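Reviewing the structure listed below.
The values are calculated or read from the model by the stated rules, or taken from the named source; none is laboratory data. For clarity, every value in this text was computed on a predicted model and none was experimentally measured. Positions of Cβ are generated from backbone atoms using ideal geometry, with glycine treated the same way; all protein chains shown enter the neighbour counts. Areas reflect the complete protein model, heavy atoms only, side chains present, ligands, DNA and RNA absent. Shrake-Rupley method; radii C 1.70, N 1.55, O 1.52, S 1.80 Å.
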Amino acid sequence: MMKLIRFALLSLAFLLSGTAFGQSNLPACTGSDVSRWSNCFGSYTTSTGDKYVGEFKNGKYNGQGAYYYLRDNEWKGSKYVGDFIDNKRNGQGTFVWASGDKIVGEYKDDIPNGQVTYYFLADNQWKGDKYVGEYKGSGKEGEGTYFRADGRIGLGEWIDNRPDGRFIEYRADKTVERSGIFKAGNLVTSQYIDPNSFTRIARNNSAPAVSDSQRQAIEQRERQVAIEAERLAEEKRRLDAQKIKIEEEKKSSRIAIKGNVTQPDANGDFTITISTGADTASLKIDGDELGGKRDGNYVIKRVARVGDENTYKITARDVFGNTDSATVTVARQVADSRPAIPRLNPANVRVQQSRDAVAIIIGIENYRRVAKADFANADAKEFYTYASRALGIKPENIKLLVDDGADDIEMLNAFQNWLPLKVNKGKTDVYVFYSGHGFPGQDGKSLYFLPFNVDKQYLDRTSVKQKEIVAALQKAQAKSVTMFIDACYSGQTRNGEVLVAGIKPVFITTEERAYPPEFTVITASAADQFSSASQDLKHGIFSFYLMKALEGDADENKDGRITSGELQRYLSDMVGRQAMGLNRTQNTQLFGDADRVLVGR
């Protein structure tokens with residue numbers, strides 16, 4: 001009871017204060033720079049049209065003052081009278097809504113927060129009600145009493161503007177209607193609640209008596225309010241006159257179209273941004289009406305036709321009948337439909353641990369007496385890195401022969417002399433990579449590798465027979481042999497030219513391809529096809545996709561291992577498609593066990 005009386009007296013004393021409506025012990029604020037106003041009393045109109053009258057400190061509302069909401073929004077016509085700290089409502093104050101509702105009490109950080117009295121005075125279903133108690137933000141929060149105009153009372157704990165916790169509802173005759181535990185406004189457990197258990201509730205609905213001197217002071221404040229209202233009315237008349245002047249200026253202005261377009265995206269979508277610089281009644285694009293806009297700003301989506309310059313005519317009319325027109329043009333280019341060119345990246349290879357393995361890598365591009373084998377050197381040099389990383393072969397166990405280092409003597413020496421010194425019988429895996437020309441024997445059975453120094457007049461004497469290579473590999477008694485052969489036996493070069501003029505190619509019928517069981521051989525093409533090179537890939541297409549396969553692209557089931565079968569299926573697909581792009585047919589061939597694991601043992 002005493003707490004409610006003290007709160008009411010504090011609110012009444014605040015209403016009797018002269019500060020909020022033009023009286024203060026502080027001197028009047030001077031100068032136009034509000035940020036310099038301090039320890040003074042002044043009046044300030046915000047950029048939004050709201051009004052503050054009261055005490056300033058350090059350029060902000062500090063002390064007692066009145067804030068009038070005059071802007072055109074839901075707060076228009078409302079006002080707050082009370083304490084301010086740093087431009088925020090803090091302390092005791094009274095807020096009166098334009099509807100008539102009024103809240104008197106404690107404020108913190110610009111919102112009601114603490115003990116308040118809320119008077120429901122608006123002309124609606126709650127008119128005549130009153131709430132006395134704890135409040136926060138926009139709702140009842142804590143302990144409080146709600147007095148209805150019909151005499152009913154609700155007393156207890158509130159959360160989110162609804163009874164929540166211990167609560168008692170009284171009928172108009174002050175008998176208990178419901179009592180117990182409430183949740184979100186609903187009674188969940190009926191039980192007796194002692195009304196005296198709410199220690200923070202002010203239950204007395206009567207206001208303290210007002211003396212004659214206090215009443216006279218209130219009447220004086222009302223007269224000051226009337227004076228301030230007249231001053232605000234004058235301010236409104238000034239603003240209305242200014243608005244009329246602005247309207248006249250609009251009538252004298254001219255509409256002017258400014259249009260910008262974005263570049264079409266891959267689907268042809270683009271945006272036209274238009275500004276008319278006027279209150280626009282109508283805007284059309286190629287006769288399509290888009291309606292009016294007060295600010296004259298438009299953002300329009302369109303789709304451009306490919307391969308053409310697309311021109312759009314814009315016409316606009318402002319609210320005064322002035323017109324303007326303009327055109328905008330946008331071009332949409334045909335997209336580059338060429339396939340993306342892949343690139344080798346040895347960094348993608350899952351590096352294998354070094355193991356007991358050797359490799360002979362041969363690349364012959366610049367033959368001494370016959371046509372070039374395009375990119376064969378690049379094939380061999382690049383494969384050197386893949387042999388080390390993907391196959392786990394130590395660099396000291398890799399023999400690389402390129403161009404003049406790959407004549408018939410060097411090739412035979414590598415297989416017949418160097419290789420046996422590197423092989424541990426029955427334990428070492430041997431890999432052979434060859435990129436260059438191959439040639440069929442005139443007997444229709446033999447196959448040849450063409451070394452750097454091959455002579456077309458003495459093919460039998462200056463070529464290296466494949467069966468000699470196979471015999472040398474067998475003699476070394478390795479654990480396994482894997483051969484990758486990027487060569488063909490059609491008698492043609494990689495670009496389709498005749499390899500040896502005057503000699504008619506003989507296609508292999510009985511192929512010299514019955515390899516020993518420990519051999520796995522993958523060749524670039526069938527016997528009647530030729531192995532192609534690509535100017536885009538800068539490699540033989542078989543060699544290129546062999547190395548892409550070793551980067552992991554051929555691992556069909558993503559188990560970290562690549563079998564001969566997986567490798568063959570990948571090469572058959574990728575090499576076949578790349579050859580098709582060159583208007584050729586090229587089918588890779590596998591000889592050996594398709595289940596043998598080549599990578600990731």
>> Which aspartates and glutamates, if any, have their Cα less than 16 Å from the Cα of Lys548, not counting same-chain residues under 8 positions apart?
In response: Asp379, Glu382, Asp486, Asp536, Glu556, Glu566, Asp573
> Where Lys and Arg each count +1 and Asp and Glu each count -1, what net charge lies around Phe415 among other residues with Cβ under 14 Å from its Cβ?
Replying inline: +1
> Can you give the calculated 222 nm mean residue ellipticity of the chain, where each DSSP H run of n ≥ 4 adds -39,500 (n - 2.57) and the sum is split over every residue, rounded to the nearest 500 deg cm²/dmol?
Replying inline: -6500 deg cm²/dmol
>> So, R0 is 51 Å and r is the distance between the beta-carbons of Asp150 and Lys57; what FRET efficiency does that work out to, to 0.05?
In response: 0.65
> Largest first, what is the accessible-area ranking of Ser525, Ser354 with a 1.4 Å probe?
Replying inline: Ser354, Ser525
> Of Lys60/Lys243; Lys381/Lys456; Lys79/Lys130; Lys399/Lys558; Lys399/Lys422; Lys60/Lys245, which pairs sit farther than 22 Å apart, going by alpha carbon to alpha carbon?
Replying inline: Lys60/Lys243; Lys381/Lys456; Lys399/Lys558; Lys60/Lys245
> Which length gain, in nm to one decimal place, applies between Glu468 and Asp559 when the Cα-Cα distance is subtracted from 0.36 nm times their residue separation?
Replying inline: 29.0 nm
>> Rounding to the nearest 10 and keeping the result within 0 to 90°, find how far the Cα-based axis of helix 2-15 lies from the longest principal axis of the chain.
In response: 90 degrees
>> If packing is taken as the average count of other Cβ atoms within 10 Å, what order do 468-481, 379-392, 301-314, 418-431 fall into, highest mean first?
In response: 379-392, 468-481, 418-431, 301-314
> Using the Cβ atoms and a cut-off under 9 Å, what net charge is assigned to the surroundings of Asp86, where Lys and Arg are +1 and Asp and Glu are -1?
Replying inline: +3
> Out of [x] 47.8, 137; [y] 29.0, 94; [z] 36.3, 129, which label holds the value of Rg and Dmax of the Cα atoms in Å that was computed here?
Replying inline: [x]
> Label Asn424 and Asp72 with points 7 Å out from Cα along Cα→Cβ: what is the distance between them in nm?
Replying inline: 9.3 nm
> Distance in nm between label sites at Arg355 and Ala340, each 7 Å beyond Cα in the beta-carbon direction?
Replying inline: 3.2 nm
> In nm, to one decimal, how far is the modelled label at Asp123 from the one at Ile227, with both set 7 Å along Cα→Cβ?
Replying inline: 3.2 nm
> Among the lysines, which fall within straight-line cross-link reach of Lys284, defined as a Cα-Cα distance under 20 Å, with same-chain neighbours fewer than 8 residues apart omitted?
Replying inline: Lys258, Lys293, Lys301, Lys313
> What does the charge count near Thr585 come to, summing +1 for each Lys or Arg and -1 for each Asp or Glu among other residues with Cβ under 13 Å from its Cβ?
Replying inline: +1
> Efficiency by 1/(1 + (r/R0)^6): what FRET value for Asp33 and Glu248, r their Cβ-Cβ distance, R0 = 25 Å, to the nearest 0.05?
Replying inline: 0.20
> What ranking do 334-343, 275-284, 143-152 get when scored by the average of other Cβ atoms within 10 Å per residue, highest first?
Replying inline: 275-284, 143-152, 334-343
>> Place a point 7 Å from Cα of Gln263 in the direction of its Cβ. Which residues in segment 330-374 have their backbone N less than 13 Å from it?
In response: 331-336
